[in-house]
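Student: Have a look at the structure that comes next, please.
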Amino acid sequence: MTRMTLACALIAVLAAAPAAMAQGVEGGSGQDRANSPFAGSVPQGSATAEPIGLSVKDAVDRALQHNLGLLLQEEAVTSAHGARWLALADLLPHLSASAGDSRQVINLEAYGFPAKPSIVGPFNVFDARVYLSQPVVDLSAINHARAAAATERAEQYGIRSARDLVALVTVNLYLQAVATASRIEAVQAQEETADALFRQASDMKQAGVVAGIDVLRAQVQVQNIRQRALRAENELERSKLRLARAIGLPPGQKFTLTDKIPYAPLPDVTLEGALQTALASRPDYLAARERVAAAEAASQAATSELLPTLHLDADYGGIGQTPSTAHATYRVAATVRVPIFEGGRTTGRRLQAGAELRRRQAELEDLKGRVDYDVRSALLDLGASAQQLEAAKTSVSLAGQELVQARDRFGAGVAGNIEVTQAQEAEATASESYIEALYANNLAKAMLAQAIGTAEQSISAFLGGTK
């Protein structure tokens, strides 16, 4: 299990999210990462002069308040709520009022009355009236309202998906920054060792024990390690910038990482239990079920357009030449509308609604299989990364012992420092492998939490050692 594999897995998670979440944060081109809403935020406040401490929990909490991807999804819920009100408008009563005062002249002959004189007026007409319209039976409108309600519930599950994704992205960025900080600490230790070996080689050359090339080799090793340190420090600052941007820190705000996130064994997680939890709590799966329900209601609404509808219309008001002489009048009417032929409009809607329903059902079945795949894959990655971590620990111990022995042999004059240089490189490689393995293991835990649908609640517990 390599870092690249887990990064690809994270890309797959992002790609499987809704449209607002579809752009990956890790991997891909730099432009893709910059355009991802989950890589951005809406910062608030201004930067402080003093650096602030930032734990994993603090980072996730800030991201859940300011991350752009989550904010966009929340607005999508508001839009769906508005669409539901629009659908309900066809079921709720419509009440309006009007008042008018007009002066008229009428030509009776134009209306077929051969009266003499044919011109009547001028006269005033005052009319103030209240109008009420209420659908009584309209199955199509009822089903449209049901579809809108299901769509709104699906978008609300989308918020949970977005929150889980924000937690996963934030933790990944934090883990990257922690791994880079660990590299700096490792390189600093290697630099101290290289400096000591350079001084030792210089002293031994002055004593005539070793050749000048050993001193030069030690000096080159020091310079190489310093270059690694510079690269690591630059990468740490870039990692912190990406993290700050995703969680909404004010531009220019300095902060320190307070969680080292050491290795912590994961509580027992069985495949059966994880699958049950995922199907019961994965918000993207629950949202897919609601979208199927919405498509079913929309299909029924299209079919119901062939059925008669019953509406009640009424008005009440006063009419006269002036407000003081107006008399109360009213009208009550029941209207039955029976569709006979509408030029194929209803047939077209039924075909579209049926196709949408079948598409949503296929997506639901595919997502059910994806949930199973995600859980199984996350458990496999977790097991592989745990084994890789154990192997990396052993390699670090072995490389340290070999470096000590190489230094002793060089100090005793029985070997050149090329052996020491090789041992230093082996120790650096082992340290990098351990850092990568620890990052991979912690990211695999976060991916498992996301796979079972509890990323926001359980990531901190899965990682262990966090505040």
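Student: Give me the pairs: first residue in region 384-405 and in contact (Cβ under 8 Å) with a residue 24 or more places away in the chain, second residue open to solvent by 60 Å² or more (accessible area, probe 1.4 Å) and not hydrophobic (A, V, I, L, M, F, W, C), beta-carbon distance under 7 Å, and six or more apart or on different chains, which are they?
Tutor: What qualifies is L389/Y263; A392/Y434; K393/Y434; V396/Y434.
Student: For region 266-300, give me the residue count where each residue is farther than 16 Å from I459 by Cβ, out of contact with any Leu (no Cβ under 8 Å at 6 or more places or on another chain) and not polar (S, T, N, Q).
Tutor: Summing the residues that are farther than 16 Å from I459 by Cβ, out of contact with any Leu (no Cβ under 8 Å at 6 or more places or on another chain) and not polar (S, T, N, Q) in region 266-300 gives 12.
Student: Which of the residues spanning region 229-240 are open to solvent by 20 Å² or more (accessible area, probe 1.4 Å), farther than 14 Å from L175 by Cα and in contact (Cβ under 8 Å) with a residue 40 or more places away in the chain?
Tutor: If the condition is that a residue be open to solvent by 20 Å² or more (accessible area, probe 1.4 Å), farther than 14 Å from L175 by Cα and in contact (Cβ under 8 Å) with a residue 40 or more places away in the chain, then E233 is the only one that fits.
Student: Condition test on R407, is it on the phi < 0 side of the Ramachandran plot, open to solvent by 70 Å² or more (accessible area, probe 1.4 Å) and within 27 Å of the chain's Cα centre (by Cα)?
Tutor: The answer is no for R407.
Student: Continuing with this model, one more query. Among the residues of region 241-267, count how many are open to solvent by less than 80 Å² (accessible area, probe 1.4 Å) and in contact with a strand residue (DSSP E or B) (Cβ under 9 Å, 6 or more places away or on another chain).
Tutor: Of the residues in that region, 12 qualify.
Student: Need pairs with beta-carbon distance below 7 Å; first residue farther than 27 Å from R409 by Cα and within region 419-440, second part of a helix (DSSP H, G or I) and open to solvent by 30 Å² or more (accessible area, probe 1.4 Å); sequence gap 6+ or separate chains.
Tutor: That search, which allows pairs on different chains as well, returns I435/S182; I435/R183; E436/R3; A437/Q388; Y439/R3; A440/R3; A440/Q388.
Residues are listed down the side, and each one gets a yes or a no for (1) within 29 Å of A274 (Cα to Cα); (2) open to solvent by less than 40 Å² (accessible area, probe 1.4 Å); (3) out of contact with any strand residue (DSSP E or B) (no Cβ under 9 Å at 6 or more places or on another chain):
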{"residue": "T347", "(1), (2), (3)": "no, no, yes"}
{"residue": "A362", "(1), (2), (3)": "yes, no, yes"}
{"residue": "D366", "(1), (2), (3)": "yes, no, yes"}
{"residue": "V371", "(1), (2), (3)": "yes, yes, yes"}
{"residue": "D381", "(1), (2), (3)": "yes, yes, yes"}
{"residue": "A386", "(1), (2), (3)": "yes, yes, yes"}
{"residue": "A392", "(1), (2), (3)": "yes, yes, yes"}
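Student: Taking region 311-341, which residues are among the hydrophobic types (A, V, I, L, M, F, W, C) and open to solvent by less than 50 Å² (accessible area, probe 1.4 Å)?
Tutor: A314, A326, A333
Student: Would you pick out the residues in region 59-71 that are in contact (Cβ under 8 Å) with a residue 60 or more places away in the chain and surrounded by 16 or more Cβ atoms within 10 Å (Cβ to Cβ)?
Tutor: Of everything in region 59-71, those that are in contact (Cβ under 8 Å) with a residue 60 or more places away in the chain and surrounded by 16 or more Cβ atoms within 10 Å (Cβ to Cβ) turn out to be A59, V60, R62, A63, L64, H66, N67, G69, L70.
Student: Take the residues in region 429-456 that are within 15 Å of the chain's Cα centre (by Cα) and part of a helix (DSSP H, G or I); name whichever of them is farthest from S182 (Cα to Cα). Show your work before the answer.
Tutor: Applying the first criterion (within 15 Å of the chain's Cα centre (by Cα)) to region 429-456 yields 446-447, 449-451, 453-456.
Narrowing further to those that are part of a helix (DSSP H, G or I): 446-447, 449-451, 455-456.
On the way: A446: 19, M447: 22, A449: 24, Q450: 25, A451: 28, A455: 25, E456: 26 Å.
Per the criteria, the residue is A451.
Student: Ok, one more. Would you point out which residue out of A149, A186, A201, A167 is among the small types (G, A, S), touching a residue at least 60 places away in the same chain (Cβ under 8 Å) and closer than 30 Å to L312 by Cβ?
Tutor: Answer to the check: A149.
Student: Filter region 268-279 for residues that are touching a residue at least 12 places away in the same chain (Cβ under 8 Å) and either open to solvent by 70 Å² or more (accessible area, probe 1.4 Å) or within 24 Å of the chain's Cα centre (by Cα) (or both) and give the result.
Tutor: A274, L275, T277, A278, L279
Student: Which residue, of T193, T256, T180, is at pLDDT 85 or above, among the hydroxyl-bearing types (S, T, Y) and part of a helix (DSSP H, G or I)?
Tutor: It is T180.
Student: Mind telling me which of the residues A295, A287 ends up being in contact with a Lys or Arg (Cβ under 6 Å, 6 or more places away or on another chain), in contact (Cβ under 8 Å) with a residue 60 or more places away in the chain, assigned to a helix (DSSP H, G or I) and open to solvent by less than 30 Å² (accessible area, probe 1.4 Å)?
Tutor: The conditions single out A295.
Student: Counting only residues that are within 14 Å of I247 (Cβ to Cβ) and touching a strand residue (DSSP E or B) at 6+ places or on another chain (Cβ under 8 Å), which one in region 43-54 is surrounded by the most Cβ atoms within 10 Å (Cβ to Cβ)?
Tutor: It comes out as L54.
Student: Additional query: Taking A179 and the conditions (1) of a type outside the set (F, W, Y); (2) open to solvent by less than 80 Å² (accessible area, probe 1.4 Å); (3) free of Cβ contacts under 8 Å to residues at least 12 places away in the same chain, which numbered condition does it fall short on, given that it satisfies the others?
Tutor: It is condition (3) that A179 fails.
The values are calculated or read from the model by the stated rules, or taken from the named source; none is laboratory data. All values reported here derive from a predicted model rather than from experimental measurement. All Cβ positions, even for glycine, are placed from backbone atoms using ideal geometry, and neighbour counts span all protein chains on display. Side chains included, ligands, DNA and RNA excluded: accessible areas come from the protein's heavy atoms. Shrake-Rupley method; radii C 1.70, N 1.55, O 1.52, S 1.80 Å.
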